[in-house]
1. Can you find even one residue in region 83-100 that is closer than 18 Å to Met178 by Cβ, among the aromatic types (Phe, Trp, Tyr) and in contact with a Leu (Cβ under 7 Å, 6 or more places away or on another chain)?
2. Between residues in region 137-150 that are within 16 Å of Ser89 (Cβ to Cβ) and without any contact (Cβ under 8 Å) to a residue 24 or more places away in the chain and residues that are surrounded by fewer than 20 Cβ atoms within 10 Å (Cβ to Cβ) and of a type in the set (Ser, Thr, Tyr), which pairs lie under 6 Å by C-beta distance while being six or more apart or on different chains?
3. Quick one: in region 298-331, of everything that is exposed (fewer than 12 other Cβ atoms within 10 Å of the Cβ) and among the acidic types (Asp, Glu), which residue is nearest to Asn345 (Cα to Cα)?
4. From the list Asp245, Asp219, Asp227, Asp275, which residue is of a type in the set (Asp, Glu) and surrounded by 14 or more Cβ atoms within 10 Å (Cβ to Cβ)?
5. Based on what the data block shows, is Ile251 surrounded by 18 or more Cβ atoms within 10 Å (Cβ to Cβ), in contact with a Leu (Cβ under 9 Å, 6 or more places away or on another chain) and at pLDDT below 95?
6. Could you identify the single residue in Ala130, Ala181 that is hydrophobic (A, V, I, L, M, F, W, C), more than 21 Å from the chain's Cα centre (by Cα) and at pLDDT below 95?
7. So which helices (runs of 4 or more DSSP H) are wholly in region 282-354 and hold at least 1 residues that are touching an Asp or Glu at 6+ places or on another chain (Cβ under 7 Å)?
Amino acid sequence: MQREKNPFKFGKIVTGNNFCNRKQELKEVKQYISDGYSVWLYSPRRYGKSSLIKKAFSELENIKLVYLDLYNISSIDDFCRKYSSMLASELFDWTDDIKVLTKKMTRYFQNLYPKISFDETGSPSFSLEAKQISSMTDIEKILNIPGTISKEKKQQICIAFDEFQEIERIDPFMINWMRSAFQTQDNVSYIFLGSKQSLMRNIFSSTNSPFYEFAIKMDIKPISYNDLFGFIKSKFVEQEMHVSDKTIDGILQVSECHPHFTQYFASVVFNCIRDGENQEADNFRELWLNKIINGQSVIFQNIFDQLSNNQRRVFILLAILDEKDELFSEKTRAKYKLPASSSINTILKALIKKDLIHKADKSYKINNPVFKAWLKQIK
């Protein structure tokens, strides 16, 4: 008998029927791109930003689209090479005769020695043979290529930079060069995706930043409970497996409708049910949740050990407080022996900087619901 296949996908960009809802955000971002507006978009890690942009790109026509993830880029030289490679891949016509294509590349990447190579299957690839790319002239030349191509070909272009907050790690002055180049490109728009709240706000909301008011802020929020409920149910139905409403509700209560963790938790629950666990048992939620927590508890303990005593207390408090409880209230501070409000603010900023929490409207949320569940266990 064929074993049921786990239908839940997480930890990578999701496409097709693994992409759940986001209809409003998808419509919104596609409209911004079509209208030629630049957008910056923050959400905690694994909220589906990259999947959303990839989905939007797949549905847009007559616009040249480029996507570059900055997370693993190590230096300006590395950025220039990888960005140039993406520009070459997406903005040039690779059906051209090789001599024509090489001539075009040489013109746009002047003095950077562009090279077109072919692997054993005949597939082409692009690289720059320049020894080191670090001068302002060369960097600006690369940054200006989309604008030049757009103007010459009368072609609308949109470029998405994922994990854009990493640009300051790559080189703090890079955003100055970017702003200088980008602001002159009439038919090119940019999407800036980021997962570190404080860094993204500094880049786009600080009056001292070159990118201040350069792009429209777009919010991405958790997918609705009802949409995720139906999504989980449908995935079990596809595999002809029963899942109770109570079980799905338990998944969504713990995941707080976080897209990545919802799929992650659902996959663990699927495995438990497939392996014969009784989902009607009183301890079923505890069983599957402990499977997840136990696999990460050492990591959580190491992070927790590096926090100050006051940071630990506030962090735990964020895990156990009800939505209606006010963190800064006199009652809460007295009950949990918290420091003054000004000190709590400092602690919250530190936890945000450590990428452990984020501010959502007027409240503060723990980024990782598994970490939150672990904190509840050790309180």
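The values are calculated or read from the model by the stated rules, or taken from the named source; none is laboratory data. On a predicted model such as this, the values are computed, not experimentally measured, just so you know. Cβ placement follows ideal geometry from the backbone for every residue including glycine, while neighbour counts extend to all protein chains displayed.
1. Checking region 83-100: at least one residue is closer than 18 Å to Met178 by Cβ, among the aromatic types (Phe, Trp, Tyr) and in contact with a Leu (Cβ under 7 Å, 6 or more places away or on another chain).
2. none
3. Going through the qualifying residues, I end up with Glu330.
4. On the way: Asp245 fails: surrounded by 14 or more Cβ atoms within 10 Å (Cβ to Cβ); Asp219 fails: surrounded by 14 or more Cβ atoms within 10 Å (Cβ to Cβ); Asp275 fails: surrounded by 14 or more Cβ atoms within 10 Å (Cβ to Cβ).
Within the list Asp245, Asp219, Asp227, Asp275, the selection yields Asp227.
5. no
6. Exactly one of Ala130, Ala181 is hydrophobic (A, V, I, L, M, F, W, C), more than 21 Å from the chain's Cα centre (by Cα) and at pLDDT below 95, namely Ala130.
7. Details: elements: 284-294, 297-305, 309-320, 330-335, 341-353.
Hits in region 282-354: 284-294, 330-335.
Yes or no, residue by residue, for (1) surrounded by fewer than 18 Cβ atoms within 10 Å (Cβ to Cβ); (2) touching a helix residue (DSSP H, G or I) at 6+ places or on another chain (Cβ under 9 Å); (3) of a type in the set (D, E, K, R):
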| residue | (1), (2), (3) |
| --- | --- |
| Gln31 | yes, no, no |
| Tyr37 | yes, yes, no |
| Glu59 | yes, yes, yes |
| Ser84 | no, yes, no |
| Asp93 | yes, yes, yes |
| Val100 | yes, no, no |
